[in-house]
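Below: one structure, written as structure tokens.
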Amino acid sequence: GVRPAMGSPTRKVRAMLAGISALALVGLVVVQYQGIKPGMLLSFHSGFADQYKCAEMFLKNENECVFMSAYGADLVGATELMPDIHVGTSHHRAIVDQQDKQVHLSAVPLMDGDREVETDHVVTGNEWQFVLAFELLAPLRNAIMYDPRTVTDNAAYWGKITKAFKQCHIKEESFGLDYPDPKYQHYSVDGIYELIKDPKKQDIHVQIVKFFDEGALDLLCLMTTNPNLLDPNRCAKISSLNGIKPTQVSDCWIEAYYDLYHHVPRSLFPVHDPRDKGENQEEVVEEEASKEKSSDDHGLGGLTFEEGSSEYH
């Protein structure tokens, strides 16, 4: 089923904030301050972050920000995302919210309690790419919001769950950190890591939500082919940094996915196996498909590709 925008109390708030334009959650905020360039797009709405706060007990006693609901568990839930690539075979997995409504590709950020389930229908195209993106993003969101010690005590794991950002040129620079309002502070991957490791007993939930939601939007731009569902301007910028058009799919995230799951994802486009065996992914997935449920479209959803391009038609 299709998840309506008003599918849950929390999603209703976010959908209202997102608005009805194609830019959805993008706030076109033009500011001029230390480190912030005039005319810069800030794809973040502080209303999203206002649903959370850092638990005071952890801040005071452990100097770490562990997210909790700002309004009570009944409204927000403060619940981790639940990825599970084993719950269903390739193209037979989808994301649902806490009301069991299917989550579709959009600019609305991932929500507490969104989880992966098996489907009896074939999931293809951008919807399948969204599932793969969820599988990449969920471990990062869970760590920085709910279990920071898993990364503050383990730099190797931090490198693993942020590898997609690093290799896809997402959140490469910090700027505007002197600005008093945290919603205008932009943290890079390295910068947010230092902040998470030592928040100085200050509530940093706004900076964390901003970092993740904007970075997630960038990754969705690169992994899907309909920028109008996301943010055309932001998608154009991040696509340019990765040498593709906004209507093309990048393969910059493939190695990060493999490092997390030791599995070559069945994506929209032919890519080389990160195991460096010289095999094309199409050959690999056909070999692995015999171990999975049969799929009439072999994961391509009826799409065709131009030679040398990841753009589909």
For this session: Mind jotting down the distance between the C-alpha centroids of segment 139-207 and segment 94-111, whole Å?
Result: 24
Problem set entry | Residue-by-residue Karplus 3J(HN,Hα) for segment 109-118, coefficients 6.51, -1.76, 1.60, Hz, glycine and proline x | x, 4, 10, 4, x, 4, 9, 9, 9, 7
Seminar exercise, completed: For T225, T79, the accessible-area ranking with a 1.4 Å probe, largest leading, is T79, T225
For this session: Starting at the first residue of segment 210-219, write each ³J(HN,Hα) from the Karplus equation 6.51 cos²θ - 1.76 cosθ + 1.60 with θ = phi - 60°, in whole Hz, x for Gly and Pro.
Result: 4, 4, 5, 5, 5, x, 4, 4, 4, 5
Exercise. Among the listed pairs K101/K201; K60/K183; K200/K237; K160/K210; K160/K183; K210/K245, which are separated by more than 32 Å between their Cα atoms?
Worked result: K101/K201; K200/K237
Seminar exercise, completed: Once phi for every residue in segment 56-61 is put through the Karplus expression 6.51 cos²θ - 1.76 cosθ + 1.60 (θ = phi - 60°), the whole-Hz ³J(HN,Hα) values, with Gly and Pro written as x, are 4, 4, 6, 4, 6, 8
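The values are calculated or read from the model by the stated rules, or taken from the named source; none is laboratory data. Source: prediction; values computed, not measured. Calculation scope for accessible area: heavy atoms of the full protein, side chains included, ligands and nucleic acids excluded. Shrake-Rupley method; radii C 1.70, N 1.55, O 1.52, S 1.80 Å.
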